[in-house]
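Structure record follows, encoded as structure tokens.
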Amino acid sequence: MVKFGSIALLKGQIFMSDITNDLLLVVERLQNNAIAAIPTETVYGLAANAFSEVAIKKVFEVKNRPLNHPLIMHVAPEWDLTTWVAHLSDETQALIKAFWPGPLTIVFPVKPKAIHPLVTGGQNTVAIRAPRHPLVQALLLELGQPLVAPSANPYGKISPTTAQHVQQSFPVDDFIILDGGRCAIGLESTIVNEVAPGQYQILRQGMIDEHDIAAISAEPLIQGRSDTRAPGGLLTHYQPEKRLYYTDDIRGALSILEQQYQSPFVLTFSKSSCESGVWSYTFPLTSDRAAYELYYQLRVADLSLADCILIELPPNIGNWRALREKITKAGELILPHINETNYLELEA
Ligand code: TXA
Ligand code: MG
């Protein structure tokens, strides 16, 4: 990478933001009301001090995110939640004990006036998670304040899982990016809301699925698409730049797409549906490893010379559902057809 002053140049493209390993520099920026991209185990976040209105507004502005969309507050696992949370049930404490630090966001009733309304979206709840990534834990402890951090992508676009992906997502914005390597999980956290004591509703699917939660509390409910204030209310999300189609029937879909496109990039979950003679990638056969690759490979496909992307849907079971949810929000359905035998080789 060539540097001109504070401008970075990678393969002919100019980026304004610097990637750094200097944790204390990032702390200093955050203390001074700047925003910074931070690594987490799920995806990179675009962070602001949770008590700096100036910085929080910058996050909304840079992401082009509507102001009424609430943010997740990131805390160190050892911090006392009752500073911000009005009520903490025994069941929720059990969930915290089982899954924090880690990819589970919990929606809590907020203490009056404890949290800025830009964080809560003006609602009486606050979503909190304690990330597992050691660098963000060190950052939180050094800063001594919670951070709000939506995924570090422009609103509606695909989330970044490397520092370079953050840089590429915001070529003209200038903020520091803390390099924590490639995100170990690769998909956003699961979000749950306690609707009755010990009864949780999954608002957004992630790699902690309903079976994991049911092992600690009652069988959780899975949120439908109707609640516009909750995640997933948006019809499109996680979108690449190229046209993205999803299907259960790769061969059938390809025969339709070839009327309009010369060279689709095909992403499959089963080797048997792979076509020769086209750009293609087959995801690993376990859901954890496939999740790790999903956004990453969508970006590879997006940067290729292909003229559209076609992706196979993974099965509608277990935490494969988190991948399915992202794909169906990122693309458009082509040729609905279920061929269950495709999935037999996959592991739950
Ligand atoms: O894995 C993650 O959760 C990543 C990393 C960076 O931590 N963050 C993330 O943030 O995905 P974001 O802003 O892209 O998605 C957060 C979702 C939003 O869809 C928002 O609607 C929802 O969380 N949310 C935030 N506060 C909420 C609340 N009080 N009630 C319900 N949903 C809430
Ligand atoms: Mg997001």
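Using 0.36 nm per residue, how much length does the chain from ALA138 to SER304 gain when fully extended, once their Cα-Cα distance is taken away?
Values: separation 166, 0.36 × 166 = 59.76 nm, distance 3.66 nm.
Additional length available on full extension: 56.1 nm.
For the residues PRO101, PRO66, PRO264, a GNM of the chain with alpha-carbon springs under 10 Å puts the largest fluctuation on PRO66.
Only Cα pairs under 8 Å and at least 6 apart count here; give the relative contact order of the chain as a rounded whole percent. Each step should come with its number before you reach the end.
On the way: 760 pairs, mean separation 62.6, N = 348.
After rounding, I find 18 percent.
For segment 50-103, the average shadow cast by the Cα convex hull is 4.9 nm², which is a quarter of the hull's surface.
Stretching ALA184 away from ARG243 to a fully extended chain increases their span by 18.5 nm, per 0.36 nm per residue minus the current alpha-carbon distance. Running a GNM on the chain with Cα contacts under 10 Å, which residue among LEU140, LEU178, LEU24 ends up with the highest mean-square fluctuation? Looking only at LEU140, LEU178, LEU24, the largest GNM fluctuation is found for LEU24. Expressed as a whole percent, the accessible area of the chain that falls on carbon and sulfur atoms is 52 (1.4 Å probe).
Only beta bridges with both residues in the chain are counted; by DSSP, about 45 percent of them are antiparallel. Over the Cα atoms of the chain, the radius of gyration divided by the Kirkwood radius equals 0.97; this is the Rg/Rh ratio.
Shape call for segment 25-70 from the C-alpha gyration tensor, a ≥ b ≥ c root eigenvalues: rounded (a/c under 1.5), prolate (a/b greater than b/c) or oblate? Here segment 25-70 falls in the oblate category. Filter LYS63/LYS329; LYS111/LYS326; LYS97/LYS329; LYS57/LYS97; LYS57/LYS157; LYS57/LYS242 down to the pairs with a C-alpha to C-alpha distance above 26 Å, please. Over 26 Å Cα-Cα: LYS111/LYS326; LYS97/LYS329; LYS57/LYS97; LYS57/LYS242.
Within the listed set LEU141, LEU305, LEU23, the residue fluctuating most in the Gaussian network model of the chain (springs between alpha-carbon atoms under 10 angstrom) is LEU305.
The values are calculated or read from the model by the stated rules, or taken from the named source; none is laboratory data. This one's a predicted model, so the numbers in the text were calculated from it and none came from an experiment. Just so you know, the surface numbers come from the protein's heavy atoms only, side chains and all, with ligands and any DNA or RNA stripped out. Shrake-Rupley method; radii C 1.70, N 1.55, O 1.52, S 1.80 Å.
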